[in-house]
Amino acid sequence: MRYHKILIIAGFLIIWTFVFYYFMLRNSIDFPLPENDYRRKMMFKKIENQVKQELKKSEKLTNAVLRYLKLNYPSEVSSNKKRESQTPQQKDQAPQLQLVGVVPLTDKEQQTVMGLVEPPEQEQNHLELPHVEATISNLKDGQPIIPILVLACNRVSIAKCLDNLIQYRPNAEQFPIIVSQDCADEATRNVVLSYEPQLTLVEQPDQSDIFVPPKEKKFKGYYKISRHYSWALNYTFSQGYEYVVIVEDDLNVAPDFYEYFLGTHHLLKQDPSLCISAWNDNGKTKFIDASHPELLYRTDFFPGLGWMLTKSLWQELSVKWPKSFWDDWIRHPEQRKNRVCIRPEISRTRTFGKIGVSNGLFFDKYLRYIKLSEEFVPFTQLNLSYLLKDNYDNTFLKKVYTLPIVTYDELRRRLISKDGPVRIQYINREQYKRITKMLGLMDDFKSGVPRTAYHGIVSFFYEKRRVYLAPNLNWKGYDLSWS
């Protein structure tokens, strides 16, 4: 009787699998495929991914049943072991079902099979990306190829971003634009397709629901964004590129946006651990020196909002990419590893996206007032070696700590007798936040690092004077408790 139960369960699983295959194949044949070759390929990929997922579910269910049988019918399994020592004639005379590799299910495994808890490791990407042998890193004249990866979802206003990118692009071959769309929003997709063949549209294929812990349901959008970033960067680098510039779909770019990244990319060749950002978090008009749009700085704070990274750095980050809040994760000491970014005095990007997963956080108070550079700076003709660590530290730090110390009140009331740059000193978190709030600078910390800071020093322009908000000369490093 026990054998009959076992055979009935096993037979049910086999029939269920074949029935699923039949309906999947029938649906894939009957479903009207789009005429566009790319869409047809993506449709087949989606079906293939669904089949793989169902096979995994079937395998888990089969293993669960086998483990259940092991627990409830141990004598049958032990008889299988005895059967292994029998002769072929003896085996033919007593056919039995063999349970191979069966082990008891732990409580955690039982909950996972039943879908009560999240599996220990979730796959970020279900689409297998093609392996590319050749590296597409340079044009015939030796100039680097730097793709612009635009992350899109459901903003039809992406047209503003694409208009800028195409308007200022000096060479389509050198700067291919790849739009990676998540969300499967048809209206946004149609807007992007209207720009072909000036760009390439790819679509994130995994539109399945994403696991979010119950306490973080309101942050579900951040989980989807992190999954999209991972897939899009994997896809882009799988095409053979060595660099990529990442742009969100709510950014305008400056006239020298491409020139900026083309000029600074040489720094990445000398120090691949760097990142290049087009954004200044304190880039309000009143805090920048508009007469020097060529000024660039090192910063320990990851700015994002239009940034370039190398394939080697992505290979390091991708294997441990987070499930959410990827930008804050990059700022953690475990990922940052004392790396720095290069950022401009005047931003080369500006966001117009008030509506999004962040619900307009910081937009009305800070982001809408960020100044977008309007002048073209020939960065490829400038010597930017001063931004390399040894050169920069020898001049920047020495310069800052030889400046006269003033107070915020003296600065505000214009009581400083001499012209030229000055230093405002802070010694603790409370003092820093009080000064930045009075000035109107961004006052928050990420992993203990103030926005735009380098060695704790925040540089800005105020009342036609360069000001450095700096810690004590004996500064010991960033304090995580300040966040």
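The values are calculated or read from the model by the stated rules, or taken from the named source; none is laboratory data. Every value quoted in this text rests on a predicted model; they were computed, and no experiment measured them. In this analysis, Cβ positions are derived from the backbone assuming ideal geometry, glycine residues included, and neighbour counts consider all displayed protein chains. The accessibility values were calculated without ligands, DNA or RNA, using every heavy atom of the protein model including side chains. Shrake-Rupley method; radii C 1.70, N 1.55, O 1.52, S 1.80 Å.
Modelled label positions at Ile405 and Arg434, each set 7 Å beyond Cα in the direction of Cβ, lie 1.5 nm from each other. Placing +1 on the Cβ of every Lys and Arg and -1 on the Cβ of every Asp and Glu, with nothing else charged, gives region 132-371 a dipole about its Cα centre of roughly 840 debye. Taking packing as the residue-averaged number of other Cβ atoms within 10 angstrom, the listed peptides 400-406, 154-160 run from highest to lowest as 154-160, 400-406.
Each Cα pair under 8 Å and six or more residues apart adds its separation to the average, and for region 132-371 the resulting relative contact order is 23 percent. For region 132-371, the per residue solvent-accessible surface stands at 40 Å², with DNA, RNA and ligands left out and a 1.4 Å probe.
Checking every one of the trypsin sites (Lys or Arg not before Pro) in region 445-483 against DSSP loop status and a limit of 12 other Cβ atoms within 10 Å picks out Lys464, Lys476.
Can you compute the FRET efficiency between Ser385 and Ser483 using 1/(1 + (r/R0)^6), with r the Cβ-Cβ distance and R0 = 35 Å? Round to the nearest 0.05. After rounding to 0.05, the efficiency reads 0.60. Computed from phi, the 3J(HN,Hα) profile of region 288-295 under the Karplus parametrisation 6.51, -1.76, 1.60 (θ = phi - 60°) reads 10, 9, 5, 7, 10, x, 7, 5 Hz, with x in place of Gly and Pro.
For region 249-257, backbone phi angles converted through the Karplus equation (6.51, -1.76, 1.60; θ = phi - 60°) give residue-by-residue couplings of 6, 10, 10, 8, 10, 7, x, 9, 3 Hz, Gly and Pro being listed as x. Taking the accessible area of region 132-371, probe 1.4 Å, and keeping the other protein chains in place, the carbon and sulfur fraction comes to 51%.
If R0 is 25 Å, the Cβ-Cβ spacing of Lys218 and Arg368 corresponds to a FRET efficiency of close to 0.55.
Karplus-based coupling profile of region 382-396, in residue order and whole Hz: 9, 8, 9, 5, 5, 8, 5, 3, 4, 5, 5, 5, 5, 9, 5, with θ = phi - 60° in 6.51 cos²θ - 1.76 cosθ + 1.60 and x standing for Gly or Pro. Note on Gln207 and Asp443: their simple-model spin labels are 4.5 nm apart, each label 7 Å out from Cα toward Cβ. With a threshold of 24 Å on the Cα-Cα distance, the over-threshold entries among Lys269/Lys337; Lys217/Lys284; Lys220/Lys311; Lys371/Lys437; Lys418/Lys446 are Lys217/Lys284; Lys220/Lys311; Lys418/Lys446. Between Arg465 and Ala187, residue separation times 0.36 nm minus the direct Cα-Cα distance comes to 95.3 nm. Just for region 132-371, what percent of DSSP beta bridges are antiparallel, to the closest 5? In region 132-371, approximately 50 percent of DSSP beta bridges are antiparallel ones. Using the Cα gyration tensor of region 132-371, with a ≥ b ≥ c the square roots of its eigenvalues, what is the shape: rounded (a/c below 1.5), prolate (a/b larger than b/c) or oblate (neither)? In terms of gyration-tensor shape, rounded. Accessible area per residue for region 403-470, computed on protein heavy atoms with a 1.4 Å probe, is 46 Å². Taking a ≥ b ≥ c as the square roots of the eigenvalues of the Cα gyration tensor, region 208-315 is classed as oblate, since a/c reaches at least 1.5 and a/b does not exceed b/c.
Here the simple spin-label model places points 7 Å from the Cα toward Cβ, and for Asn154 and Tyr168 these points are separated by 3.0 nm.
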